[in-house]
Amino acid sequence: MLNKPASSPNQTFEDRESRLQALLEQLRPNADQILRQVAEQLIDLPDDQCFGQIEYTLRDLAHDFAATAHQTGLQAGKKRGM
């Protein structure tokens, strides 16, 4: 067996929580930018354009954010030696 000291559950939770907060801080600027773009697309949208192209535009913005978030998460994992 490995002679590795057992870490307490609180330390594991605290480590995870600090990593979570750090990742959120990295994601927040891009999320804010994407949310602004979404809001700008929707704010003056005429009723007769509520469907169709706007759905593709919003999907593309969401996809861009998801891809950026994924890349940020991967980079965060590399920094902690996953």
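No lab work stands behind these numbers, since they all come straight from the coordinates. In this text the structure is predicted, and so the values were computed from the model without any measurement. Virtual Cβ from ideal backbone geometry, glycine too; neighbours counted across all protein chains shown.
Quick one: is residue 13 outside any helix (DSSP H, G or I) and exposed (fewer than 12 other Cβ atoms within 10 Å of the Cβ)?
On the way: outside any helix (DSSP H, G or I): no; exposed (fewer than 12 other Cβ atoms within 10 Å of the Cβ): yes.
It is false that residue 13 is outside any helix (DSSP H, G or I) and exposed (fewer than 12 other Cβ atoms within 10 Å of the Cβ).
Kindly establish whether residue 65 is among the hydrophobic types (A, V, I, L, M, F, W, C), outside any helix (DSSP H, G or I) and free of Cβ contacts under 8 Å to residues at least 40 places away in the same chain. Explain how you work it out, then say what you get.
Numbers: among the hydrophobic types (A, V, I, L, M, F, W, C): yes; outside any helix (DSSP H, G or I): no; free of Cβ contacts under 8 Å to residues at least 40 places away in the same chain: yes.
Here the answer is no, as residue 65 does not meet what is asked.
Take segment 68-82 and flag every residue that is of a type outside the set (D, E, K, R) and either touching a residue at least 24 places away in the same chain (Cβ under 8 Å) or loosely packed, with under 10 Cβ neighbours inside 10 Å (or both). So that I can check it myself, show each step before the final result.
Filtering segment 68-82 for residues of a type outside the set (D, E, K, R) gives 68-77, 81-82.
Across segment 68-82, the qualifying residues are 68, 69, 72, 73, 76, 81, 82.
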